[in-house]
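K.L.:
Handing you a structure now.
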Protein chains: 2
Amino acid sequence: MNTDSLLNYISKYIDLTEEEQAILLSKIKYRKYQKGQYILQQGDVCKISCFILKGCAKSYHIDKEGQEHIINFCIEDWWASDLGSLISQDPSDFNIQCIETTEVLQFTYNDQESLVNEIPKMERLFRKMLERALVSSQKRIVRNFSLTAKERYLYFKEQNPSIDQRVPQYMIASYLGMTKEFLSKIKSQLILDQ
Amino acid sequence: MNTDSLLNYISKYIDLTEEEQAILLSKIKYRKYQKGQYILQQGDVCKISCFILKGCAKSYHIDKEGQEHIINFCIEDWWASDLGSLISQDPSDFNIQCIETTEVLQFTYNDQESLVNEIPKMERLFRKMLERALVSSQKRIVRNFSLTAKERYLYFKEQNPSIDQRVPQYMIASYLGMTKEFLSKIKSQLILDQ
DNA sequence: AAATGATGTTAAACTAGATTAACATTTTAC
DNA sequence: GTAAAATGTTAATCTAGTTTAACATCATTT
């Protein structure tokens, strides 16, 4: 179990002693998912947070018309979870499905809460992570309202060149809130523009 | 300075001793804004968080076409701030303007950070607040993608009947990501439907 | 009570993006 | 290496929501 990238990630926010690191790691479980497998299925209660070591997953919602809406791509050094379901323990509205073979370090919400009690400064880590996630979520709402489909794609591509390469185009269209046909049109226009 | 509603709000998340409450209150400043006044202006660095005691403010972004996009309505027992600017100390992309005479309890980010150091369990409060805010922000993104304009309005009205009454209709349209003319059309259709 | 500004309505013309459907290309599995 | 599945493209048609513009109503000030 390679825990370096998790410890490295955490060290950007807080300093942990060797003992604290040991406590943290004692709560963690390594798991490997094959492409296509679900980390979470809509309707199930979310029990875990996953730190992605390697691979890629999509978290998405299926609406009442059966349409898939991608909320996030989860890649290396990101977290995959449904926070809403995790804290309420209500059934989730989201699926999290691996679109590549994906290796994660996971811990349960209970372990996360007891971790916070044993190592109070972990609270600060989670607070800082949540701050950043909230800011980026709010900014996304603004972009969805104020940018055209083309502008949204260009922004996405600029901010996430690696995801743009890595993920099928129809999923990017879903993430950006447009149809795959329209994104295809946008891309062919962009080539003509050059 | 009436601090009951703030203390009551906090008590839903954590228990503070009398001394801790005193420390908290020592960092807080009461302020009254008149209708039309700005708590924050786009381009300024956000220095404070405001807990709303009474009144209502809108936080909004003005895009490059000059269009206003309302991010949130801030009413009693909510917070008004631009977290992104507050944590980065970069110029804000948002305005927060009072649409009623508004009374707030405010504290600076520095005071908030030192508060967290003096009373570590405040970290938990902020974490829990952020968790809820992030969940609701993510759910809003999903709604914006998966619901029609009419459905978004009906959901808003159901969840926020008091804001629907209290705030001019054209601002609600902006918050919901549609034009005021289209919201007007939706509402007249809804009356016919009955 | 008249005037001004803010808010809300209606309707016609328009458009960004969706839908449908047929086809092309790439990847995967056997 | 070929069939099947997954992904991407193109184009015609359609529609949810925007734009524009004129008018109506309500609230506030003098």
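No lab work stands behind these numbers, since they all come straight from the coordinates. It should be emphasised that the depicted structure is a prediction, and the values quoted were computed from it without experimental measurement. Virtual Cβ from ideal backbone geometry, glycine too; neighbours counted across all protein chains shown.
K.L.:
Please give the residues of segment B:174-192, grouped as numeric ranges, whose backbone N is less than 11 Å from a label point set 7 Å along the Cα-to-Cβ vector of residue A:147.
P.N.:
Flagged as within label range: none.
K.L.:
Give the angle, between 0 and 90 degrees and rounded to the nearest 10, that separates the Cα long axis of helix B:121-146 from the longest principal axis of the Cα atoms of chain B.
P.N.:
10
K.L.:
Go ahead and estimate [θ] at 222 nm for the protein assembly as shown from helices alone: -39,500 (n - 2.57) per DSSP H run with n ≥ 4, summed, over the residue count, rounded to 500.
P.N.:
Value at 222 nm, helices only, nearest 500: -15000 deg cm²/dmol.
K.L.:
Take residue B:8 and residue A:100, extend 7 Å from each Cα along the Cα→Cβ direction, and tell me the distance between the two endpoints in nm.
P.N.:
Going from the residue B:8 label point to the residue A:100 one covers 5.2 nm.
K.L.:
Could I ask something else about it? Rounding to the nearest 20 debye, state how big the charge dipole of the protein assembly as shown is about its Cα centre with +1 on each Lys and Arg Cβ and -1 on each Asp and Glu Cβ.
P.N.:
The calculation lands at about 1080 debye.
K.L.:
Can I ask one more? If each residue of separation counts as 0.36 nm, what is the full-extension length gain between residue A:32 and residue A:157 once their alpha-carbon separation is subtracted?
P.N.:
The span from residue A:32 to residue A:157 would gain 42.2 nm if fully extended.
K.L.:
Right, something else. Assuming R0 = 25 Å, what is the FRET efficiency of residue B:88 and residue B:184, from their Cβ-Cβ distance, to the nearest 0.05?
P.N.:
0.05
K.L.:
With +1 assigned to the C-beta of every Lys and Arg and -1 to the C-beta of every Asp and Glu, and no other charges, what is the dipole magnitude of segment A:55-194 about the Cα centre in debye, to the nearest 20?
P.N.:
For segment A:55-194, the charge dipole is close to 660 debye.
K.L.:
Further question: Which shape class, rounded, prolate or oblate, goes with the protein assembly as shown when its Cα gyration tensor gives a ≥ b ≥ c as root eigenvalues, a/c under 1.5 marks rounded, and past that a/b bigger than b/c marks prolate?
P.N.:
It is oblate, given that a/c is not under 1.5 and a/b is not larger than b/c.
K.L.:
From other protein chains only, count the Cβ atoms within 10 Å of every residue's Cβ in B:119-130, then give the mean.
P.N.:
For this peptide, the per-residue mean of nearby foreign Cβ atoms is 5.
K.L.:
From other protein chains only, count the Cβ atoms within 10 Å of every residue's Cβ in A:70-83, then give the mean.
P.N.:
Whole-number average of other-chain Cβ neighbours for A:70-83 is 1.
K.L.:
Hey, another quick one. Using a simple spin-label model with points 7 Å from Cα along the Cα→Cβ vector, what separation in nm is obtained for residue B:193 and residue A:117?
P.N.:
With each label placed 7 Å out from Cα toward Cβ, I get 4.7 nm.
K.L.:
Over its Cα atoms, what ratio of radius of gyration to 2.2 N^0.38 Å does chain B give?
P.N.:
Taking the Cα Rg and dividing by 2.2 N^0.38 Å, one obtains 1.11.
K.L.:
Okay, next question. Classify segment B:40-100: rounded, prolate or oblate, from the alpha-carbon gyration tensor (a ≥ b ≥ c, eigenvalue square roots; a/c under 1.5 rounded; otherwise prolate if a/b is larger than b/c)?
P.N.:
oblate
K.L.:
In addition: Which of A:174, A:1, A:162 sits closest to the plus end of the dipole of the protein assembly as shown, meaning its Cα is farthest towards the positive end, when Lys and Arg get +1 and Asp and Glu get -1 on the C-beta?
P.N.:
A:174
K.L.:
Picking from A:17, A:73, A:144, whose Cα lies most toward the positive end of the charge dipole for chain A (charges on Cβ: Lys, Arg +1; Asp, Glu -1)?
P.N.:
Toward the positive end, the furthest listed residue is A:144.
K.L.:
So which of A:150/B:64; A:150/B:150; A:32/A:58; A:150/A:180; A:35/B:139; A:139/B:64 end up more than 22 Å apart, counting from Cα to Cα?
P.N.:
Flagged as over cut-off: A:150/B:150; A:35/B:139.
K.L.:
Separation between the residue B:47 and residue A:62 pseudo-spin-labels, each 7 Å from Cα along Cα→Cβ, expressed in nm?
P.N.:
Computed distance between label sites residue B:47 and residue A:62 equals 5.3 nm.
K.L.:
About the Cα centre, and with charges only on the beta carbon of Lys, Arg (+1) and Asp, Glu (-1), how big is the dipole of segment A:1-96? Nearest 20 debye, please.
P.N.:
380
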